[in-house]
Every structure is written in structure tokens, then in C-alpha cells.
Amino acid sequence: MTGAELLAAVSAAPDDDAPRLAYAEYIQGSDPEYAEFIRLQIARVTDERARRAPRGWMKGRELELWHRNYAKWGHYIQRYVRDARDPNAYDQGWEFDRGFIAFARMEPGNFVALGQRLFDLAPIQHADLYGGSEPVGPLFASPYLARLDSLNLSRTQLTDDDAVAIANCEALSRATWLDLRDNQIGERGVRALAESPFMANKIVLDLRGNPADPGEQAAYDPDGSIADRGLPPVAIRIEQALGRAVPWFRTAFVESMPDRYHTRWSGFPRR
């Protein structure tokens, strides 16, 4: 296979390490540092997932290669992404996982406009979609949300109507990690999300900072340890109306909660 064909195979099967390793073998002579980086990242992530451990930060040789080549290896996506909101954050809007760019931060309109082109550029599985002044609503009609394992829509002025649109968005069925913090979602929107079959697989669905936050809350002892925890009234009302528990109401205090990169491999069921 040619290099272009191997890259297309990586994008077509983002969960599969075999095309990534085949590409590393293909470029061993022309770019040995990138080939080494791919193999090191795959080895680390394989170990983390086997242990159901949180995603670790790079160190040693992996970090050395990243520092030396980060901008070169990611330059082709730079024009499409946004820097972090936090000026002290290390990233420039993209991040590597298992040797390839797996995360992008961009405006929702850019994600919609790029469509398949984005996934031809990189096997993106995680996205922060915010910024700019365009409405977020058109995003929920994009079939390319189905490529994502995690999505961050925090602080995008989402309303109950937007939450209903998310609840009806079949393309979000794959994602198991969804961040909707610091929006304007009330009880109607939370109930729509809780009722949705497309949200049933969510391990993390974070609604902190919204007018209706159904997440489990804790009471603390003076030493900082958790004395008790329980659901707020909004969550109790919704579960009573549904006649069943909503697991993602209870993920806030699960020990070793999976990060967005490893959620699908975390081994939950949850309590």
C-alpha cells in the first residue's frame, strides 16, 4: 500500500492499531522519529486501557519526540483549529493519541463546513466545538458527529431547545463522554437528555453549571472527605417520572472516572 492508502486506512478504522503500525513501518526509513513516536504512543495507550487507568501524560523518549516535532507533525491542521481558552494551556488546538491527531478544537461552523475533509486530514475522535458567534444548532444535523468518542460543548449558550436537539441527535450515539457544562439548560432539557435512547450509553454527561444540574452532589467532612452524597431534587424528579435510574446522574464521584480518551474502554457498568 502507498502512504496515502495507509493514512486513509487509519482514518477509516480509527480504533484499529494495525493501520497505524503499518504506517509506522512504511515511514521507518523516511521519518524514523515519527515511526518511533507512533509505536511509543500505541504501547502506552494499550497498557493504560488494559489497566483501565486514566490517560497519562507523555514522558521520557515519547515526550522528547513530541517536543521536537509537535508543530511539524501537526502543521497541516493548524489553520482549522483554535487555541485553548486558557492562555497557559500547552496545546495549540490539536492533540496526538496513538500517534495521530485525535483531538481538535474548532468553531462548530468550521466542523460542519469541513465535513469529511476533517477526517481525511486526521482520525479525529475527540472535539471541543466552541468559539465564534455563529449558532451551535446546525452542528446537531452533522452526520460527522458519529465519528466522535467525546464532545465538549461547554459555555456555548445551549438552551433547553438545544438540549432537546442533542437528545434527538442519533449521530451522537457513539460518544460516551459529553461535556455540556456552564450553559443554560433547565429541567426540560435535562429530562429530554435522560429520556433519549441516544444518550443511554453515556458514561460522562456533565451538566455542572447549568440551571438544572442533575449530577450527584456531596457533603464534606471538615477534613475534606466525603461525608455523604446524593442526587439533587431535579434528578430525583426525573428518575421518578422515568421509573428508572439514569446512570450518568451518578458519575461525578465514581472513583477513577475515565477521561475522555479512555471512556469507551473504562469497563463500567456503573453503580
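No lab work stands behind these numbers, since they all come straight from the coordinates. Just so you know, these numbers come straight off a predicted model, no measurement behind them. Methodologically, a virtual Cβ is constructed for each residue, glycine included, from the backbone with ideal geometry; neighbour enumeration extends over all protein chains shown.
With a Förster radius of 51 Å, plug the Cβ-Cβ distance of D47 and R237 into 1/(1 + (r/R0)^6) and report the FRET value to the nearest 0.05.
According to the calculation, E is roughly 0.75.
Each of the peptides 44-54, 138-148 was scored by the mean count of other Cβ atoms within 10 Å over its residues; in descending order, highest first, they stand as 138-148, 44-54. Placing +1 on the Cβ of every Lys and Arg and -1 on the Cβ of every Asp and Glu, with nothing else charged, gives the chain a dipole about its Cα centre of roughly 300 debye. Dividing the mean sequence gap of close Cα pairs (under 8 Å, 6+ apart) by how many residues the chain holds gives a relative contact order of 13 percent.
Helix 60-74 sits at what angle to the longest principal axis of the chain, using alpha carbons and giving 0 to 90 degrees rounded to 10? Here the helix axis deviates by roughly 90 degrees. Summary value for segment 92-205: 21 percent relative contact order, contacts being C-alpha pairs under 8 angstrom separated by 6+ residues. For the pair D16 and A218, a Förster radius of 30 Å applied to the C-beta separation gives a FRET efficiency near 0.15, rounded to the nearest 0.05. In the chain, helical runs assigned H by DSSP with n ≥ 4 each contribute -39500 (n - 2.57); averaged across all residues and rounded to the nearest 500, the mean residue ellipticity at 222 nm is -10000 deg cm²/dmol. Is segment 147-196 rounded, prolate or oblate when judged by the Cα gyration tensor, a ≥ b ≥ c being the square roots of its eigenvalues, rounded requiring a/c under 1.5 and prolate requiring a/b larger than b/c? Cα axes put segment 147-196 in the oblate bin.
Residues in segment 7-22 carry Karplus couplings, in order, of 5, 5, 5, 4, 5, 6, 9, x, 7, 8, 7, 4, x, 5, 5, 5 Hz; the curve used is 6.51 cos²θ - 1.76 cosθ + 1.60 with θ = phi - 60°, and Gly or Pro positions show x. Please say if the chain is rounded, prolate or oblate, where rounded means a/c under 1.5 for a ≥ b ≥ c the square roots of the C-alpha gyration tensor eigenvalues, and otherwise the choice is prolate for a/b larger than b/c and oblate otherwise? The shape class here is prolate.
Test of understanding: what is the full-extension gain from E25 to Q184, defined as 0.36 nm times their sequence separation minus their Cα-Cα distance?
Result for the pair: 52.4 nm of gain on full extension.
For segment 5-160, a simple Cβ point-charge model (Lys and Arg +1, Asp and Glu -1, everything else neutral) yields a dipole of about 260 debye relative to the Cα centre.
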